[in-house]
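All remarks here apply to the structure that follows.
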Amino acid sequence: MKSNAFLVVTFLISFLAVSQDQVRTFLEDENRIPRERVVDFTSLSLEVKFDLEKSKVIGKVTHVFHALREQVDVITLDAIDMDILSVKSGKDALKFDYDDQYLTIHFNQPILVQEQMTIEIVYSATPRKGIYFVGWNDTTNTSRKQIWTQGQGIDNRHWIPLFDDMSDKVISEVKVTMPEAFSVLSNGKKLKEKSINDGNKIWHYKISHPHPPYLIMLGIGEYEIANRVSSSGVNLKLYYYPGEEHKVEPTYRHSVAMFDYFEKTFGVPYPWGSYAQIPVQEFMYGAMENTTATIFGDFYLVDSAEFLDRNYVRVNAHELAHQWFGDYVTARTSTHTWLQESFATHFDMIYQGVAFGDDYFDFIRRGYNQQALDASEKDLRPIAHSKAGTARHYPKGAMVLYMLKNVVGEKQFNSTIQYYLKKHAYGTVDTEDFLIAFYENLGLPLDWFWEQWILKGGEPHYEVNFEELEDVYRFSVKQIHDQNELVGLFKMPISFEVHFKDGTFIHKEAIVEDHYQQINLPIQNGKDVAFVLFDPKNQILKEVTFPKSIQFLKEQAFNAPNTIDRYEAYVELRGSLSPEELSKAWESETYAEMKAEVALHAMLDKSNNENKALLSKAFKAKIVEVEKMLLTNTTFIPSEELGWYQPLLASKSNQVVEKALDLLCFYQPQYIDQYLEITSGRIGSRSHNVRVKWLEWSYLFSRDETYAEQLVEFMSNRYEFITRTNAATALERLNYMNEKGVSYIIDGLFSANSRLRGPMSSAIKHFYAQNGYQLLIREYIISKEWTDREEAVIARYTVR
């Protein structure tokens with residue numbers, strides 16, 4: 001790492017002279033310029049209560065601001081579909097105009113530059129976005145009842161009249177009135193929790209420093225709290241559902257350790273007073289980094305078995321990193337979203353390496369590399385663009401930061417991160433600010449790196465060849481990707497290695513920047529080349545075409561020191577390894593993904609007893625990653641292999657049990673009753689995945705409608721959305737529906753959660769296309785009264 005940093009710094013100094021003459025190229029972005037504002041909002045105080053039956057917000061918000069212009073006599077706030085009851089400044093009523101989107105407030109007299117003013121708005125709203133009422137419409141009264149918010153990007157304007165822009169920062173204060181049975185979480189420190197006479201409580205929170213208004217949050221429900229403390233003394237409040245204390249450790253595993261790790265790595269103490277995390281039902285994303293109070297989907301609230309299929313560690317680290325990158329230092333506009341999402345993804349990637357090991361980390365990077373390449377098949381937008389897309393803001397951006405760290409050196413990278421955070425504390429930034437930080441902190445002009453990786457799009461495609469000459473080992477490298485105004489030649493330090501059969505190797509780093517280059521390494525007399533590596537461990541985001549002989553690939557697969565380099569060789573060798581070689585690989589490889597790859601080789605050729613013996617070991621190994629690979633690649637289960645598959649019905653993994661049950665029932669239906677008996681008590685994850693699959697096959701086997709009706713009930717709003725979508729998909733496959741099921745499907749069509757709405761849309765289209773079910777659906781619709789909005793939603797699927 002040190003030699004790499006020295007090489008690149010030397011290169012940067014020589015490159016500086018020419019880099020200054022190059023013109024930076026941008027892909028035009030309509031969101032590059034910040035929103036105009038005439039005042040600076042400094043605080044927002046909110047008092048809110050609810051009409052729970054109507055999902056209605058009843059609020060009073062107080063804004064404090066000062067003028068930025070010489071005279072200001074009007075301001076405009078964002079406010080969607082509200083009833084604005086009054087607007088005041090002190091005791092004086094203010095005139096206002098409102099068009100269901102913008103609230104324009106006229107002052108009785110202008111305020112002068114830097115003059116402060118306070119306004120108070122009393123309002124009510126029944127929002128469809130921004131704040132979500134979960135379970136209050138469940139007529140059986142069995143669903144969890146919650147209220148939670150999701151403000152990013154501009155959805156808090158649906159329940160609070162405010163200047164809803166990420167460039168603004170305010171000190172927020174929130175008072176919430178709710179029945180005493182519920183817990184309430186909001187941003188910052190809880191100042192008071194006070195009972196009042198009518199069976200309600202008032203919860204009072206205030207944050208310590210300014211933060212973006214889209215991060216103002218509420219999380220309300222019935223919860224217990226586990227308390228932890230970081231090494232620096234920060235209180236960590238870990239929320240969980242009553243009766244699910246056994247899920248606290250698996251869910252929040254590594255929470256304290258990652259908190260300590262980030263404080264040390266960033267060189268900046270956690271910038272807020274306390275930190276809480278709260279699971280909620282129906283959350284449409286993974287999680288949200290609300291300042292001091294992360295909300296996450298309760299599908300991450302897991303026990304030790306569920307941890308094997310889906311754990312919270314990555315998301316936990318991601319949202320925690322956002323407390324610095326996004327909450328503490330905030331992108332000025334959405335053009336610069338990568339300064340938040342790429343950073344959080346980079347550091348969650350780094351922490352996963354800490355938690356799960358270097359091999360795990362390298363396989364994450366491999367996946368991120370492929371996601372970036374796939375995105376470039378669609379368009380070539382840069383990561384510094386508001387429409388860059390998920391694959392660039394998250395995985396590609398994370399990898400770009402990883403490469404930047406390698407270029408400047410880890411110590412200097414972390415030093416600059418610390419400098420950048422401290423310089424822009426509680427402020428807003430753009431892409432140039434991060435670039436400038438490297439120059440101010442290290443004296444490094446990194447414009448060349450910014451232009452090719454951040455301000456332009458695409459990735460390099462290297463065509464590599466190797467030859468052993470009389471006096472040198474020669475790598476020939478071509479950059480063969482298409483070049484245009486958004487993608488040029490890439491300039492990066494890349495490592496080259498020649499490995500010998502005696503176990504030694506030679507290494508060289510070189511700057512690859514031209515269309516065609518030759519990299520020479522000195523010949524080693526008397527040594528036989530075993531294999532060669534271009535960019536060992538895949539440090540560079542890229543596509544590579546590098547033809548190698550089968551013998552070179554085998555040597556690499558068996559002898560490369562890094563697991564990921566061996567894996568790349570195994571992938572190339574599919575169908576080329578002998579049973580003896582596969583047996584050797586199974587015994588020598590220890591990492592789960594490597595064992596899965598070796599087992600896949602054997603699965604592709606079951607014509608010999610040696611590979612069958614290896615597969616027998618693989619099925620018995622009880623390695624979840626191997627089990628999943630075996631099931632994913634199963635195309636038939638003959639009777640002689642039942643001894644391999646049937647034990648998977650008792651796997652530790654719910655996903656494995658679900659898939660094994662499905663495959664066994666499909667390929668060996670004569671034993672369905674046995675398989676159903678074995679799995680009859682298995683529910684699966686919170687999504688009831690095993691139970692849904694069990695009911696599906698029980699109905700197919702018996703045609704007993706009791707099982708199908710249980711699936712119908714799983715579509716009701718008593719259950720969280722993944723259970724509902726699992727059930728709807730199963731009923732589509734069964735082609736079974738009744739009137740109650742129609743009511744549940746239509747209820748799902750009204751959901752604000754697109755992850756529920758999408759599968760329910762598919763279900764109603766499926767059944768409505770059939771005459772018998774179409775009549776059932778029409779009769780149900782006619783029998784009910786609908787709002788105008790509901791009628792419009794239904795019409796999308798029922799009007800031809």
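The values are calculated or read from the model by the stated rules, or taken from the named source; none is laboratory data. Please read these numbers as outputs of a predicted model, since none were measured by experiment. Cβ coordinates were reconstructed from backbone atoms using ideal geometry, including for glycine residues, and neighbour counts include every protein chain displayed. With ligands, DNA and RNA removed, areas are computed over all heavy atoms of the protein, side chains included. Shrake-Rupley method; radii C 1.70, N 1.55, O 1.52, S 1.80 Å.
In debye, nearest 20: dipole of the stretch 137-258 around its Cα centre with unit charges on the Cβ of K, R (+) and D, E (-)? Don't skip to the end; give the middle numbers.
Numbers: 15 positive and 14 negative charges, 75 e Å.
So the magnitude is around 360 debye.
For Thr177, the solvent-accessible surface computed with a 1.4 Å probe is close to 40 Å², ligands and nucleic acids excluded. Put the Cα centre of the stretch 708-765 next to the Cα centre of the stretch 267-297 and the gap is 30 Å. Pairs of Cα atoms nearer than 8 Å and 6+ residues apart set the relative contact order; for the chain it is 8 percent. Think of the stretch 374-419 as a dipole: +1 on every Lys or Arg Cβ, -1 on every Asp or Glu Cβ, centred on the Cα centre; then among Leu404, Ala388, Gln418, Gln418 lies furthest on the positive end. If I take all pairs of Cα atoms in the stretch 264-319, what percentage of them are more than 15 Å from each other? Tail fraction, whole percent: 54. Rg/Rh for the stretch 208-361 to two decimals, with Rh computed the Kirkwood way over all alpha-carbon pairs. Rounded to two decimals, Rg/Rh equals 0.94. Quick one: Cα centre-to-centre distance for the stretch 298-314 and the stretch 653-689, in angstrom? Cα centroid of the stretch 298-314 versus Cα centroid of the stretch 653-689: 20 Å apart. Please report the projected area of the stretch 525-583's Cα convex hull averaged over all directions, in nm². Computing the convex hull of the Cα atoms and averaging its projections yields 5.1 nm². Ranking Thr118, Thr140, Ile154 by Cα position along the charge dipole of the stretch 108-182, where only Lys, Arg, Asp and Glu carry charges on their C-beta atoms, puts Thr140 farthest toward the positive end.
What is the gain in length, in nm to one decimal, between Ile782 and Asn525 on full extension, counting 0.36 nm per residue of separation less the C-alpha to C-alpha distance?
Using 0.36 nm per residue and subtracting the Cα-Cα distance, I get 83.7 nm.
Over all distinct Cα-Cα pairs of the stretch 301-347, the Kirkwood formula returns a hydrodynamic radius of 11.6 Å. A straight chain from Arg69 to Ser607 at 0.36 nm per residue would run longer than the Cα-Cα distance by 185.6 nm.
Averaging Cα coordinates gives a centre for the stretch 179-227 and one for the stretch 114-143; these two points are 14 Å apart.
With a Förster radius of 60 Å applied to the C-beta separation of Ile550 and His106, the computed FRET efficiency comes to 0.15.
Scaled against the 2.2 N^0.38 Å expected of a compact globular protein of N residues, the Cα radius of gyration of the stretch 290-414 reads 1.09. The charge dipole of the stretch 552-680, taken about its Cα centre with unit charges on the Cβ of Lys, Arg, Asp and Glu (plus for the first two, minus for the last two), comes to roughly 180 debye. Only helical runs count toward this figure. For the chain, summing -39,500 (n - 2.57) over DSSP H runs of n ≥ 4 and dividing by all residues gives -11500 deg cm²/dmol at 222 nm. Placing unit charges on the Cβ atoms of the charged side chains and taking the dipole of the stretch 125-265 about its Cα centre, the candidate lying farthest along the positive direction among Asn187, Leu238, Gly219 is Asn187. Accessible surface ranking for His336, His246, 1.4 angstrom probe, highest first: His246, His336.
State the dimensionless ratio Rg/Rh of the chain (Rg: radius of gyration of Cα atoms; Rh: Kirkwood radius).
When Rh is taken as the Kirkwood radius, the ratio is 1.00.
How do Arg574, Arg757, Arg157 rank by accessible surface area computed with a 1.4 Å probe, from largest to smallest? If you can, show how the numbers build up before the last one.
On the way: Arg574 100, Arg757 75, Arg157 30 Å².
Accessible-area ranking of Arg574, Arg757, Arg157, largest first: Arg574, Arg757, Arg157.
Computed over the stretch 722-781, the range of Cα coordinates on each principal axis works out to 28, 23, 17 Å, biggest value leading.
Ranking of Asp447, Asp73, Asp298 by solvent-accessible surface, largest first: Asp73, Asp447, Asp298 (1.4 Å probe, protein heavy atoms only, all chains present).
Near the amide H of Val280, within less than 5 Å, lie the amide hydrogens of Phe296, Gly297, Asp298, all on another chain or at least 5 residues away, with H placed in the peptide plane.
Each principal axis of the Cα atoms in the stretch 654-800 has its own extent, and those three values, largest first, are 50, 29, 21 angstrom. Computed with a 1.4 Å probe on the full set of protein chains, the accessible area for Leu85 sits at about 120 Å². If the segment from Glu705 to Lys617 were pulled out straight at 0.36 nm per residue, it would be longer than the present Cα-Cα gap by 27.6 nm. By a 1.4 Å probe calculation restricted to protein chains, Trp644 has an accessible surface near 40 Å², given to the nearest 10. Considering the stretch 157-281 at the alpha-carbon level, its Rg and Dmax are found to be 16.0, 49 Å.
Using square roots of five times the C-alpha gyration tensor eigenvalues, list the equivalent-ellipsoid semi-axes of the stretch 104-161 in whole Å, biggest first.
The three semi-axes for the stretch 104-161 are 37, 12, 9 Å.
Report, in debye and to the nearest 20, how large the dipole of the chain comes out about its Cα centre when Lys and Arg carry +1 and Asp and Glu carry -1 on their Cβ. Walk me through the numbers on the way to the answer.
Details: 85 positive and 109 negative charges, 266 e Å.
The calculated dipole for the chain is roughly 1280 debye.
Which semi-axes, in whole Å and largest first, does the equivalent ellipsoid of the stretch 69-146 have when worked out from the alpha carbon gyration tensor as the square roots of 5 times its eigenvalues? Don't jump to the answer; show the numbers that get you there.
Details: eigenvalues 262, 27, 26 Å².
Here the semi-axes work out to 36, 12, 11 Å.
Sorting 789-795, 707-713, 517-523, 455-461 by average packing, meaning the other beta carbons within 10 Å per residue, from highest down gives 455-461, 707-713, 517-523, 789-795.
With each label modelled as a point 7 angstrom along the Cα→C-beta vector, the His515-Thr76 pair spans 5.1 nm.
In summary, the stretch 330-398 shows an alpha-carbon radius of gyration equal to 1.14 times the 2.2 N^0.38 Å reference for compact globular proteins.
So what are the stretch 359-475's ellipsoid semi-axes, whole angstrom, largest first, if each one is the square root of 5 times an eigenvalue of the alpha-carbon gyration tensor? Show your work: numbers first, answer last.
Details: eigenvalues 166, 85, 40 Å².
In descending order the semi-axes read 29, 21, 14 Å.
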